[in-house]
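Everything below concerns the one structure shown next.
The values are calculated or read from the model by the stated rules, or taken from the named source; none is laboratory data. Note that the structure is predicted; figures quoted are calculated from it, not measured. Cβ: placed from backbone, ideal geometry, glycine included. Neighbour counts: every protein chain shown. Side chains included, ligands, DNA and RNA excluded: accessible areas come from the protein's heavy atoms. Shrake-Rupley method; radii C 1.70, N 1.55, O 1.52, S 1.80 Å.
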Amino acid sequence: VKATQQHTKEHNRNLVLRTILEQDGISRAQISRVTGLTRTTVSEIVAGLMAEGLVRETGVGSSRGGKSPILLSLVADSRQVVGLDLGPSGFQGAIVDLRGRIRQSVEVPVHDRDGEIALASVHRLLESLLGGGPRPLVGIGIGAPGLVDAAHGVVVNAVNLGWRNLPLAKLLEERHQLPVKLLNDSQAAAVGEHTFGRGYRSDSSLVVINVRHGLGAGIVLNGALFHGDGGSAGEIGHVVVVREGGAACRCGNVGCLETVASIPAVVSRAQALAGHAESTALAGVPGTVTFDLLVQAFAAGDPVARQVVLEAGRFIGMAVSGLVGTLNVRNIVLSGGVTRFGEPLLDIIRATLAQSTLTRLARDTRVEYAQLGRHEIVLGAAALVLKDYSLLFKLRGPRAMAS
Ligand SMILES: [Zn+2]
């Protein structure tokens, strides 16, 4: 019975905290109405949250007769989290507050595919973030590329980092004495966008399609990240879309979506076409088409660049159609380096969606670029920790001195 009471207490406390997080400047009476908890219970819980430094009274609201209500706000800086984005070409890290504001950020380049060196870079990144004096830190969140076992904190396979079955969460927990949570990068991007992006309702659904070195989706259904039975929901990059004559994929298969729509894929396609085309800014520089060059050529209306982006956009649009047809999620968000192609790429994806799914479904779907830009995976990794409200009450040791 005692355990159940404790559980209920924690549940109610987290519910009140979440309500204040979602509706800044809310009164105790409003919290009571929203949560269904009694006024007395809410007052007790709020007193506890204020004692913890998480919440403070910020003013007086208007009243319709009677006593004016006191408004409550979250103290955004009272807890902080480390977010890491272990991208294949560089690692980003940041210290993030409860409102998703970046207080400090660091980047380290990664050139090597050697697993040991990559791990040493993670340590270096964390040391430089954690070395800046005492902070009220509650945990570390990580978005890692490749196949990730989030439940056990293990990177199952990240080819570009040379990691196989690496118990990353455990290694970092032991070294830094902080809880560590791990997701794959596309899933982290989805959590970040949903939590800190365009003001999505907390129970809304969202699919983020993250296209950078790899290609994957993160799926948030009714406010919760959908992991799938084996934790690999959203691995759309390795669905085969080219049946004949497709390119070999790093997963071992042939013709995966990633081989036609990821950044390396569009660059190598541009390279191949440039060799045959007459009038293109990309010709004459064989072997040197870079993504930057392709983005510039596309913006300048170069025909080869346009063909390449059109092809990739159609493939991405087909993937979106599949997701929309299956899930009927109305918010589809594209993130990662491909966002540099701008509005024309979105138009191609929207047009493909309109042609390949039910008119009513396509009409109700919004396809947009991510709001958070280059920090979205860092922010998503941080949000992953913050969403575990219990961690916010476990501030211990010298790190708790600040604020
Ligand atoms: Zn593949």
- Message: One residue is enough: does region 373-394 have a residue meeting the conditions open to solvent by less than 60 Å² (accessible area, probe 1.4 Å), out of contact with any strand residue (DSSP E or B) (no Cβ under 9 Å at 6 or more places or on another chain) and acidic (Asp, Glu)?
- Response: no
- Query: Between a first residue in region 241-260 that is under 12 Å from ALA312 (Cα atoms) and a second residue that is more than 10 Å from the ligand (Cβ to nearest atom) and of a type in the set (Phe, Trp, Tyr), which pairs have beta carbons less than 7 Å apart while being 6 or more apart in sequence or on different chains?
  - Reply: VAL241/PHE315; LEU257/PHE315; VAL260/PHE315
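So which of GLY228, GLY214 is surrounded by fewer than 17 Cβ atoms within 10 Å (Cβ to Cβ) and either modelled with pLDDT of 95 or more or within 21 Å of ALA319 (Cα to Cα) (or both)? Lay out the reasoning, then the answer.
Working: GLY214 fails: surrounded by fewer than 17 Cβ atoms within 10 Å (Cβ to Cβ).
When all the criteria are applied, what remains is GLY228.
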- Message: I'd like to check something: does region 181-189 contain any residue that is open to solvent by 20 Å² or more (accessible area, probe 1.4 Å) and assigned to a loop (DSSP other than H, G, I, E, B)?
- Response: no
- Filter result for the condition that a residue is surrounded by 14 or more Cβ atoms within 10 Å (Cβ to Cβ), in contact with a helix residue (DSSP H, G or I) (Cβ under 7 Å, 6 or more places away or on another chain), farther than 18 Å from ILE348 by Cα and not hydroxyl-bearing (Ser, Thr, Tyr), over VAL295, VAL304, VAL289, VAL308: VAL289
- Message: Could you check region 231-262 and list, in sequence order, the residues that are within 8 Å of the ligand (Cβ to nearest atom), in a loop (DSSP other than H, G, I, E, B) and open to solvent by 40 Å² or more (accessible area, probe 1.4 Å)?
- Response: ARG250, CYS251, GLY252, ASN253
- Looking at (1) without any contact (Cβ under 8 Å) to a residue 12 or more places away in the chain; (2) surrounded by fewer than 12 Cβ atoms within 10 Å (Cβ to Cβ), which is the only condition GLY59 fails? (1)
- From ALA281, ALA270, which residue is more than 24 Å from ARG366 (Cα to Cα) and either in a helix (DSSP H, G or I) or open to solvent by less than 10 Å² (accessible area, probe 1.4 Å) (or both)? ALA270
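Here's the yes/no breakdown for (1) out of contact with any His (no Cβ under 7 Å at 6 or more places or on another chain); (2) modelled with pLDDT under 95; (3) more than 19 Å from GLU376 (Cβ to Cβ):
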residue: LEU84; (1), (2), (3): yes, no, no
residue: GLY90; (1), (2), (3): yes, yes, no
residue: ARG113; (1), (2), (3): yes, yes, yes
residue: LEU119; (1), (2), (3): yes, yes, yes
residue: PRO134; (1), (2), (3): yes, yes, yes
- Across region 206-230, what is the number of residues that are outside any loop (DSSP other than H, G, I, E, B) and within 16 Å of the ligand (Cβ to nearest atom)? 6
- Query: Among the residues of region 89-107, which ones are open to solvent by less than 20 Å² (accessible area, probe 1.4 Å), hydrophobic (A, V, I, L, M, F, W, C) and assigned to a strand (DSSP E or B)?
  - Reply: PHE91, ALA94, ILE95, VAL96
- Please work out which one of (1) modelled with pLDDT under 90; (2) surrounded by fewer than 17 Cβ atoms within 10 Å (Cβ to Cβ) is the condition GLU127 fails and give its number. (1)
